[in-house]
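*Asks:* Dropping a structure here in structure tokens format, bear with me for questions.
The values are calculated or read from the model by the stated rules, or taken from the named source; none is laboratory data. Quantities reported herein were computed from a predicted structural model and do not represent experimental measurements. Here the Cβ positions follow ideal geometry from the backbone for every residue, glycine too, while neighbour counts run over all protein chains shown.
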Amino acid sequence: MPAITGEEYIRRIDALESEVWIDGERIQGNISQHSAFQGVIQSQAELYDIQHSQAEEMMTFSSDTTGHQIGTSYLIPKTKQDLQARRKMIQRWARHTGGLMGRSPDYMNTVLASYAASANILEGEENCFPERLRSFYEYAREHDLSFTHTFLKPQSNRSTLSVLDEDVTNAKIVKSTDEGIIIKGAKLLATQGGITDEIIVLSAPGGIEEAEAYAFSIPSNTPGLKFVARESFVTGKSRFNAPLSSRFEEMDTIVLFDDVLVPWERVFIYKNIKAMDDLYKKGKFTPFTLHQIVSRQVIKIELLLGIAQIIVETINISEYQHVQSKVTEIIKGLETMQALLIYSEEQGLIEESTGVYIPARQPLYIAINQFQELYPRFTEILQQLGASGMMTIPTESDFESSIGADLKNYLQATDKNGKERVRLFRLAWDISMSAFGARQTLYERFFFGDPVRLSQTIYHTYDKQPACTFAEKFMKE
Ligand SMILES: Cc1cc2nc3c(=O)[nH]c(=O)nc-3n(C[C@H](O)[C@H](O)[C@H](O)COP(=O)(O)OP(=O)(O)OC[C@H]3O[C@@H](n4cnc5c(N)ncnc54)[C@H](O)[C@@H]3O)c2cc1C
């Protein structure tokens, strides 16, 4: 099956009837019609249509097994040009969402491709099934499956001493049968949970319990699997009122496993802590996933820069030096992130044992860790530039009412009538201040891991020796 259309994606997700709970009720009927999910499902469908309609260009590539045109986000790069093609594809989708859908399908497709490209690490290891992982990857790419995922155990006790207490929350293997493994417990969070074909479940590195060390993928409607969604941040369908949250509210879900049977053909690793750690640390997950992430984040900064500059022009504040500096801060962030991304591609290397072209890890680590600080700052800059404009944002209904003419007049800017000026500020508000906007900030801070521990990883993995050797030269007589 070649790359799917948006309609096919929606049809598949509705047909699954996965168990999704929101506000005390299980969603009945088509999830694509539910007010909390309608906007994001539609946006995701648009992404598939973009991919489908450009089937001959960089959005797809020809499958070496079936000859079908399949999504480039599934491509395992063998050359620098392949990696660049991946970036262009990722950024094409990100341009459609402003980079606001962190979990557009390319994210998890990249994750799965990176694991399949690392399957050699599992060869000969106990309770590891690299062949199943490879063939599942092929099945997924040929059917253009969409995925959510969950890694972490619930946030019940994060002390290093928590190992001394029994953890009754984390999803564990409670039984192995002829059919597969049985999972019971919870996992922290799955963005887009319930609106993808499948969920990939992996234990985070650093685990100490064998029963908590596994990697598998199951359909979202597997019996006993429940997605508990948080409150929705969609405030309505109006594109004028909520230009972003009406389209890109991805939703986050807690994942519950109520004696879920994972059939053996879907188990890639079980009860092997070392293999899980190796797959994460020695495999290609980090460089490829970060390459996808940074490609998207560059587009998101461009959107922020555009909004900031239009605010500056709209209320005519460009003559103030601090205003120029603030916009320049965003420009510097954009150029730095872009440079790190391209540098990672240029410094990439072919792994001899697999022939895979891997982007350089460090520039990407630096980029994401930097973005965890830059993104909150950039949304703060929008608030600083917009000031009260962020709160003088009447709704579409206000403009259509009998006071609409007054609002159009009194809220005008130097070059815009009141309604057009408010349209801009509603965009700035939705990205930086609405519940949706606040969640975007939390997302960029944390979704790839705690910024504090990420910076520790950089410290530990960065080769500092050449710098020390250089410095030592100046200590010699
Ligand atoms: C919007 C959003 C969407 C997400 N989506 C997904 C998803 O789809 N799938 C998924 O698997 N995960 C997802 N995540 C989870 C994300 O990976 C975690 O939030 C991240 O790894 C941090 O873990 P935590 O939230 O448990 O924070 P914690 O680890 O509980 O940290 C809380 C605080 O304690 C500090 N702290 C805790 N332990 C240590 C330590 N050992 N050393 C130093 N400081 C420490 C941290 O610095 C932080 O300040 C999502 C998160 C967010 C916010």
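*Asks:* Going by the structure shown, is residue 265 under 30 Å from residue 424 (Cα atoms) and either crowded, with 20+ Cβ neighbours inside 10 Å or not aliphatic (A, V, I, L, M) (or both)?
*Replies:* Against the criterion (under 30 Å from residue 424 (Cα atoms) and either crowded, with 20+ Cβ neighbours inside 10 Å or not aliphatic (A, V, I, L, M) (or both)), residue 265 does not qualify.
Each row is one residue, and each column tells you yes or no for (1) at pLDDT 95 or above; (2) under 18 Å from residue 446 (Cα atoms); (3) more than 14 Å from the ligand (Cβ to nearest atom).
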{"position": "204", "(1), (2), (3)": "no, yes, no"}
{"position": "207", "(1), (2), (3)": "no, no, no"}
{"position": "226", "(1), (2), (3)": "yes, no, yes"}
{"position": "235", "(1), (2), (3)": "no, no, yes"}
{"position": "250", "(1), (2), (3)": "yes, yes, no"}
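*Asks:* For region 170-209, how many residues are assigned to a loop (DSSP other than H, G, I, E, B) and either of a type outside the set (Gly, Ala, Ser) or surrounded by 14 or more Cβ atoms within 10 Å (Cβ to Cβ) (or both)?
*Replies:* The number of residues fulfilling the criteria is 16.
*Asks:* Looking at residue 167 and the list (1) closer than 25 Å to residue 227 by Cβ; (2) buried (at least 19 other Cβ atoms within 10 Å of the Cβ), which single condition is not satisfied?
*Replies:* Of everything listed in (1) closer than 25 Å to residue 227 by Cβ; (2) buried (at least 19 other Cβ atoms within 10 Å of the Cβ), residue 167 misses just condition (2).
Quick grid of which residues meet (1) in the same structural domain as residue 11 (by TED's automatic domain parsing); (2) without any contact (Cβ under 8 Å) to a residue 40 or more places away in the chain; (3) away from the ligand (no atom under 16 Å from the Cβ):
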position: 137; (1), (2), (3): yes, no, yes
position: 161; (1), (2), (3): yes, yes, no
position: 168; (1), (2), (3): yes, yes, yes
position: 180; (1), (2), (3): yes, no, yes
position: 185; (1), (2), (3): yes, no, no
position: 191; (1), (2), (3): yes, no, no
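*Asks:* Here is a further query. In region 381-398, which residue that is part of a helix (DSSP H, G or I) and without any contact (Cβ under 8 Å) to a residue 40 or more places away in the chain is surrounded by the fewest Cβ atoms within 10 Å (Cβ to Cβ)?
*Replies:* Here the residue is 388.
*Asks:* Quick one: is residue 365 of a type in the set (Phe, Trp, Tyr), surrounded by fewer than 19 Cβ atoms within 10 Å (Cβ to Cβ) and at negative phi?
*Replies:* In short, no.
*Asks:* Just a yes or no: is a residue in region 456-467 within 11 Å of the ligand (Cβ to nearest atom), assigned by TED's automatic domain parsing to the domain that holds residue 395, in a helix (DSSP H, G or I) and within 18 Å of the chain's Cα centre (by Cα)?
*Replies:* Scanning region 456-467, I find no residue that is within 11 Å of the ligand (Cβ to nearest atom), assigned by TED's automatic domain parsing to the domain that holds residue 395, in a helix (DSSP H, G or I) and within 18 Å of the chain's Cα centre (by Cα), so the answer is no.
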